[in-house]
Amino acid sequence: MEDVAVVILNYNGRAMLQNFLPTVLQHSLGYKVIVADNASTDDSVAFMQTHFSEVECIQMLVNKGFAGGYNEALAQVKAKYYILLNSDVEVTENWISPVIQEMKANNWVAAQPKILAQKQKTHFEYAGAAGGFLDKWGYAFCRGRIFDTAEIDENQYNTNLEIFWATGACLFIDSAVYHKMGGLDEDFFAHMEEIDLCWRLQNAGFKIGYVAQSTVYHVGGATLHKSNPFKTFLNFRNSLWMMTKNLPDNQLYKTLFVRLCLDGVAAMQFLAKGNWGDFKAVFNAHMAFYGKFFNMLAKRKLIQKAENKIETIYPKSIIVEYFLKKKTKFKGLNWL
C-alpha cells in the first residue's frame, strides 16, 4: 500500500465533518487521514476531539485561506502522496488506489478522480467534473461542465487522459513535487490556486491526469457560495494573476488585454442584471490585479516556461463556442 496522506482542510465545517468524515475513514483504511483546522471559530476542533479522537488534527492559529492553510498543514505531513480533500466531499469505496496506480503508470505528478455533484449524483459537479482545462483567454472549464452547464454522467468521460488542471476539491499530488514547486500561491487566498499550481507544473514539464475509475461526490460552495461577490472577486483577480505568472512571453500582454476587455463585458452584464455586488467585485478585482502586477511579474521570473506548446490548453475561445455556437457539452468541442 502506497504512503498516502488524506488531508482535509476545515474552516467552520463542523457539519461537513460530521456528514462526510465517517465515509472518508471507512473507505481510506490503511491510509493516513488528517484534518487541518484553519482557525475555525465554530466547534469543529472540539467536535473532532470528542467524536474522532483517533484522527490527527493540525490546528492553525490564523486562517490563511485555502492556499496558505494547506501550505502550513502539508509542511507538517510526511507522505509520498498527498490528497487535498475538501470537507464537503463524499468518497466511495476504493477511491484512492486507482488514482495512485494511474499516476505511477502514466508518470503523472498530480491527478483527480471523477467529481459528481453530491446533491444530484447523476450529474458532474462544477469544480472539477471529469478534468479541468483552460481556453486561449484563460477561462477555466471542465470535461463534463462548461460554465453553468453540468452534464449528466452517462459514462461518456470514462477514458483516463491528461488534463490541464485537477480540482482542489480532491487533488492527488506527489508530495516532493508539491514542495519543490513551492506549493499553492498564498497571495491567491482561495480559488484558482490549484489551476495556477497545475500550470506551473506543466511549465516545468510535469503532467496531470484524470482517472475515471475513482468517483467522489462534492457538495460545492460549502465555504463560499458561488453567488457571493467575494467569490466573484477572487475568481476574476486570481485568473489575471495566474495568467501574468504563467503565459508564454509572446502571448502575455495580448492575452491580458483581451481578457481585461472580456471582464469588462462581464461586468456590464452583471450591472444590466442589477448584480451590483458582482459588478463592484470585477472592478475591485482589476484594481487588485494592477496593485500587485509587478509583484506577479517578479514571481513570473521564477517560473520555468514550457519549451513546447501545452497541448491541454484549448486553442479557441470557450466563450464563443458556448454562448455563440451553443456548444454546451465538452464532446461538442471536437477536441481531445
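Taking only Cα atoms and a 10 Å spring cutoff, compute GNM fluctuations for the chain and point out the largest among Ile319, Ile83, Ile163. Looking only at Ile319, Ile83, Ile163, the biggest GNM fluctuation is shown by Ile319. Using a cutoff of 8 angstrom between alpha carbon atoms and counting only pairs six or more residues apart, the relative contact order for the stretch 148-204 works out to 39 percent.
In summary, the lysines within cross-link reach of Lys301, defined as a Cα separation below 17 angstrom excluding same-chain residues under 8 places away, comprise Lys180, Lys245, Lys292.
Can you give the relative contact order of the stretch 4-218 as a percent, counting alpha carbon pairs under 8 Å and 6+ residues apart?
Values: 455 pairs, mean separation 54.7, N = 215.
Computed over the stretch 4-218, the figure is 25 percent.
For the stretch 4-218, the dipole from Cβ point charges (+1 on Lys and Arg, -1 on Asp and Glu) about the Cα centre works out to 480 debye, to the nearest 20. Checking the cross-link filter: which lysines have an alpha carbon closer than 20 Å to that of Lys119, excluding same-chain neighbours under 8 positions apart? In chain and number order, the partners are Lys226. Kirkwood hydrodynamic radius computed over the stretch 1-143 comes to 16.3 Å, based on all pairs of distinct alpha carbons.
Shape class for the stretch 189-291: oblate, because the ratio a/c of the largest to smallest gyration tensor axis (alpha-carbon atoms, square roots of eigenvalues) is 1.5 or more and b/c is at least a/b. The alpha-carbon atoms of the chain define a convex hull whose volume equals 132 cubic angstrom per residue. Separation of the stretch 252-280 and the stretch 123-170 by C-alpha centroid, Å? Between the Cα centres of the stretch 252-280 and the stretch 123-170 lies a distance of 23 Å.
So what's the stretch 10-59 giving for Cα Rg divided by 2.2 N^0.38 Å, two decimals? Walk me through the numbers on the way to the answer.
Details: Rg = 10.2 Å, N = 50, 2.2 N^0.38 = 9.7 Å.
That ratio works out to 1.05.
Think of the stretch 4-218 as a dipole: +1 on every Lys or Arg Cβ, -1 on every Asp or Glu Cβ, centred on the Cα centre; then among Gly128, Ser28, Tyr11, Ser28 lies furthest on the positive end.
Rounded to whole numbers, the Karplus 3J(HN,Hα) couplings from phi for the stretch 100-106 are 4, 4, 5, 4, 5, 5, 9 Hz, using 6.51 cos²θ - 1.76 cosθ + 1.60 with θ = phi - 60°, and x at Gly and Pro.
Is the stretch 116-162 rounded, prolate or oblate when judged by the Cα gyration tensor, a ≥ b ≥ c being the square roots of its eigenvalues, rounded requiring a/c under 1.5 and prolate requiring a/b larger than b/c?
On the way: a/c = 2.44, a/b = 1.41, b/c = 1.73.
Oblate, since a/c reaches 1.5 and b/c is not below a/b.
Would you please put 272-281, 295-304, 184-193, 203-212 in order of how densely packed they are, using the mean number of other Cβ atoms within 10 angstrom per residue and starting with the highest?
On the way: 272-281: 15.1, 295-304: 13.0, 184-193: 22.2, 203-212: 20.1.
Final packing ranking: 184-193, 203-212, 272-281, 295-304.
Read-outs throughout are calculated quantities, based only on the coordinates presented, and are distinct from any laboratory measurement. Worth saying up front: this structure is predicted, and the values here are computed from it rather than measured. We place every Cβ from the backbone using ideal geometry, glycine too, and count neighbours over all the protein chains shown.
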